[in-house]
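Contents: one structure, followed by commentary.
All of the numbers you see were taken from the coordinates with simple rules; none came from a lab. Since we're looking at a predicted model, the values are computed, not measured. Using ideal geometry, Cβ is built from the backbone for each residue, glycine included, and neighbour counts are taken over all protein chains shown.
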Amino acid sequence: MFSDLVVAYLFLGGTGAGCCLIASILALLAEPTEIDRFLVYGIHSASAQTWRRFFSALYIAALGALFLGAICLMADLGRPDKLLLLLFYPTPTYMVVGTWFIIVCSISALLCVVLWAGHMRISRKCLTVLSIIAGVSSIVVMVYTGLMLSDIRAIPVWNTFWLVLLFVLSALSCGIALALCSSLVSGSLTAFYSTLVRLSKVDAAIILIEAAVGFFCLFSVWSAAGGLAGPADSTGQAAFDSLESLLVGPLAATFWVGFAFIGLAVPFVQDIAISRKRSNLMRMGKSSSSALFILSTAVCVLFGGVLLRFLVVQAAMQPIGYLVS
């Protein structure tokens, strides 16, 4: 039903929104005195420079992912003017609402980049409001793709609310991974090691929940396929074919090795290892091996996020005679 460009759009949009949400939450939870010091001194102090590098990198990474996702969507539509038609479509749909919130999320992320780069001075209250707007719009972007797919009843492998939760959890995990990568690139990993250790712990919990939600998602598809009794109609047969394709069919190797093992199991173990080795993070500036370890964790998470959306799209089967426009 969807091209690889749509798969890329689903991944980049969710990852960018997840990173934007993580950055906004960290900004809201930051010490007020540190925020005030940054707002007062801008980029003219060493402490402010550290904060500037950290948050600028996070929002730039989020904005970059959202922008690339929008490019993939426009490329899939074929003509830029189709995007304008989509934006001003008279009937609100998940796609229309989601596209508008991607724009809101991108604009708020851009404003945050300008602010944290020291090019704009605002009060702490304005910073709080801007962070909330960025965070709320990010949540909508993370949720809408799963809702859009789950609302397509002709595809039984999509027609479950568990898919919405799966996409949200994956976007959060990929957002944390992108935040870790941006921290490495910006050179602020050492200064914010305690924050990133907590993020690794959160990511481990998210991956564990994601695995459980993935199981329930597969179980719901199995139920739609008729369970032990087997398919009773064409809808049940489509669900059965999707499940078979994922677990033992042509997509099985990608599912078990790529997504389940490399995308979930490996980064879960690595997140636990990171959270238990705080001293390694303290020496991050001197230990390239530790930096590579964290980078490999983030890459595995992002790889799993791409494969999840690829598998969801590729496993889509519709009942015989049921056409989806």
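FRET efficiency for the Val129 to Val97 pair, using the beta carbon distance and R₀ = 30 Å, is estimated at 0.85.
Assuming a ≥ b ≥ c are the square roots of the Cα gyration tensor eigenvalues, decide whether the stretch 78-226 counts as rounded (a/c under 1.5), prolate (otherwise, with a/b larger than b/c) or oblate.
It is oblate, given that a/c is not under 1.5 and a/b is not larger than b/c.
For the stretch 204-219 versus the stretch 120-195, the inter-centroid distance based on Cα atoms is 17 Å. In this rough spin-label picture, where each label sits 7 Å from Cα along the Cβ direction, the Asp151-Ser194 distance is 4.4 nm.
Classify the stretch 144-231 from the C-alpha gyration tensor, please: rounded if a/c falls under 1.5, else prolate or oblate depending on whether a/b exceeds b/c. The shape class here is prolate.
Other residues lying with their Cβ under 15 Å from the Cβ of Leu85 contribute a combined charge of 0, Lys and Arg counting +1, Asp and Glu -1.
Rounded, prolate or oblate: which fits the chain, taking a ≥ b ≥ c as square roots of the Cα gyration tensor eigenvalues, rounded meaning a/c under 1.5, else prolate when a/b beats b/c? Verdict is oblate for the chain. Convex hull volume of the Cα atoms of the stretch 106-167, normalised per residue: 82 Å³.
Computed from the alpha carbon atoms alone, the convex hull of the stretch 30-132 holds 109 Å³ per residue.
With n ≥ 4 as the cut-off for DSSP H runs, can you work out [θ] at 222 nm for the chain, using -39500 (n - 2.57) per run divided by the number of residues, rounded to the nearest 500? Write out the running numbers ahead of the final one.
Details: 12 runs with 240 residues, N = 325.
Taking each H run of at least 4 residues, the total per residue is -25500 deg cm²/dmol.
Stokes-Einstein diffusion for the stretch 162-281 at 25 °C, viscosity 0.890 mPa s, with a Kirkwood radius from C-alpha pairs, works out to 152 µm²/s.
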